[in-house]
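Written below as structure tokens is the structure these notes are about.
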Amino acid sequence: MPVIHAPEAVVHEMHGARFTAYATPASGSKELCAWRLEVAGGTRGVAHTISREEVFLLMKGAVSITIDGTVTTLAPGDAAVVPAGATLCLDNDTDEPASAWVATSVGLEAVLADGTRLTPPWTR
């Protein structure tokens with residue numbers, strides 16, 4: 001069983017957020033991906049449609065998550081399950097940073113509003 005120590009986690013920056021990847025195919029995971037998402041206060045997310053289910057567990061701060069047009073505020077301990085094919089956006093409208101634990105399956109792709117397709121490096 002692989003163990004990923006904090007200093008070994010790979011950090012990616014994208015769309016004003018930080019993604020610290022722990023469980024990835026590169027770290028030995030065959031089916032699942034998991035990372036810590038950090039979103040600075042005042043950050044507006046980028047709407048995208050996901051190809052696989054994604055789960056967000058808010059650990060610190062407060063964020064609003066929009067799933068297919070429905071906006072919900074998450075507080076620490078709250079979780080959101082976003083189904084495959086849904087369009088989501090995560091915003092931090094507060095002045096404080098927020099962090100979440102996020103999990104999905106290997107191979108997740110995201111499609112932006114302009115049609116750009118992304119396969120985040122922490123999911124492949």
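Exactly one condition in (1) under 17 Å from I4 (Cα atoms); (2) assigned to a loop (DSSP other than H, G, I, E, B); (3) small (G, A, S) is false for A26; which is it?
Result: A26 passes all but (2).
Every residue in the range 68-111 that is assigned to a strand (DSSP E or B) and open to solvent by 30 Å² or more (accessible area, probe 1.4 Å), please.
T70, V71, T72, T73, A79, V81, T87, W101, A103, S105, V111
Return the total of residues in the range 5-28 being over 11 Å from the mean Cα position of the chain (by Cα), over 18 Å from T66 (Cβ atoms) and surrounded by fewer than 18 Cβ atoms within 10 Å (Cβ to Cβ).
Here the count works out to 13.
Scan the range 3-19 and tell me whether some residue there is more than 19 Å from P121 (Cα to Cα) and either part of a strand (DSSP E or B) or of a type in the set (S, T, Y) (or both).
Within the range 3-19, not a single residue is more than 19 Å from P121 (Cα to Cα) and either part of a strand (DSSP E or B) or of a type in the set (S, T, Y) (or both).
Under 8 Å between Cβ atoms, at least 6 apart or on separate chains: pull out the pairs that start in the range 1-16 with a residue that is touching a residue at least 24 places away in the same chain (Cβ under 8 Å) and on the phi > 0 side of the Ramachandran plot and end on any residue that is surrounded by 10 or more Cβ atoms within 10 Å (Cβ to Cβ) and of a type in the set (D, E, K, R).
G16/R44
In the range 54-72, which residues are of a type in the set (S, T, Y) and within 20 Å of D95 (Cα to Cα)?
Of everything in the range 54-72, those that are of a type in the set (S, T, Y) and within 20 Å of D95 (Cα to Cα) turn out to be S64, T66, T72.
With respect to D91, determine if the residue is of a type in the set (D, E, K, R), in contact with a strand residue (DSSP E or B) (Cβ under 8 Å, 6 or more places away or on another chain) and on the phi > 0 side of the Ramachandran plot.
Taking the combined requirement at face value, the residue does not satisfy it.
Among the residues of the range 32-47, is there at least one that is part of a loop (DSSP other than H, G, I, E, B), open to solvent by 30 Å² or more (accessible area, probe 1.4 Å), among the β-branched types (V, I, T) and out of contact with any Asp or Glu (no Cβ under 9 Å at 6 or more places or on another chain)?
Looking for residues that are part of a loop (DSSP other than H, G, I, E, B), open to solvent by 30 Å² or more (accessible area, probe 1.4 Å), among the β-branched types (V, I, T) and out of contact with any Asp or Glu (no Cβ under 9 Å at 6 or more places or on another chain), one finds at least one in the range 32-47, hence yes.
The values are calculated or read from the model by the stated rules, or taken from the named source; none is laboratory data. This one's a predicted model, so the numbers in the text were calculated from it and none came from an experiment. Please note: Cβ atoms are built from the backbone with ideal geometry, for glycine as well, and neighbour counts cover all protein chains shown. Remember, those area values only see protein heavy atoms, side chains included, never the ligands or the DNA or RNA. Shrake-Rupley method; radii C 1.70, N 1.55, O 1.52, S 1.80 Å.
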